[in-house]
1. Looking only at segment 32-43, which residues are surrounded by 12 or more Cβ atoms within 10 Å (Cβ to Cβ) and within 30 Å of P83 (Cα to Cα)?
2. What residue, among those in segment 19-45 that are of a type in the set (D, E, K, R) and within 18 Å of the chain's Cα centre (by Cα), is nearest to P9 (Cα to Cα)?
3. Which pairs have Cβ atoms under 7 Å, sit 6 or more apart or on different chains, and link a residue in segment 23-44 that is within 19 Å of V65 (Cα to Cα) and touching a residue at least 12 places away in the same chain (Cβ under 8 Å) to one that is assigned to a loop (DSSP other than H, G, I, E, B) and aliphatic (A, V, I, L, M)?
4. Tell me which residues, restricted to segment 27-37, are within 16 Å of N7 (Cβ to Cβ) and assigned to a strand (DSSP E or B).
5. Which is of a type outside the set (A, V, I, L, M) and surrounded by 11 or more Cβ atoms within 10 Å (Cβ to Cβ), of G71, G29?
6. Scan segment 46-64 for residues that are under 18 Å from V17 (Cα atoms) and more than 9 Å from the chain's Cα centre (by Cα) and report the count.
Amino acid sequence: MRPISWNGPGRRVGYAVLRADAQSGAVPGKYVRRVFWVKEHDRSEQPDGLYKTSAPSGAVDPRTVAPGVWGELTERAWGAPFPASEQVRQSVVERRFLQGFPRCARS
């Protein structure tokens, strides 16, 4: 499989490499794969900005991502301990799973 081009928002920092026997989607020759990127307002780009002590809804800790594993939002990815309120903490962790597959692109 050839590397994918990137015309999306932000700076691409990684993508899934498909096996040679990967099945295409509904359109022959087109594949669904994970693409990871950061935007100009993310913590890596603006450490004291909007996400200084939080994270966007699709954020995952890169250390928890593996082939076939979505990855998790951890306190490391959040940038601080999760909020103390159990109700707030639950919504922080659950919001990722309510969106479906995070930050996907077709190639």
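1. Going residue by residue through segment 32-43, those that are surrounded by 12 or more Cβ atoms within 10 Å (Cβ to Cβ) are 32-39, 41-43.
Hits for segment 32-43 are R34, V35, F36, W37, V38, K39, H41, D42, R43.
2. Kept after step one, since they are of a type in the set (D, E, K, R), are these residues of segment 19-45: 19, 21, 30, 33-34, 39-40, 42-43, 45.
Next, from what is left, pick out any that are within 18 Å of the chain's Cα centre (by Cα): 33-34, 39-40, 42-43, 45.
Numbers: R33: 16, R34: 15, K39: 7, E40: 9, D42: 12, R43: 16, E45: 14 Å.
Of everything passing the filter in segment 19-45, K39 is nearest to P9 (Cα to Cα).
3. R33/A16; R33/L18; R34/A16
4. Answer for segment 27-37, where residues must be within 16 Å of N7 (Cβ to Cβ) and assigned to a strand (DSSP E or B): R33, V35, F36, W37.
5. Numbers: G29 fails: surrounded by 11 or more Cβ atoms within 10 Å (Cβ to Cβ).
One residue alone meets the criteria, G71.
6. Looking only at that region, the number is 2.
Each value in this text was obtained by applying a stated rule to the coordinates, not by laboratory testing. In this text, all values refer to a predicted model and were calculated from it rather than measured experimentally. Backbone-built Cβ (ideal geometry, glycine too); neighbour counts: all protein chains shown.
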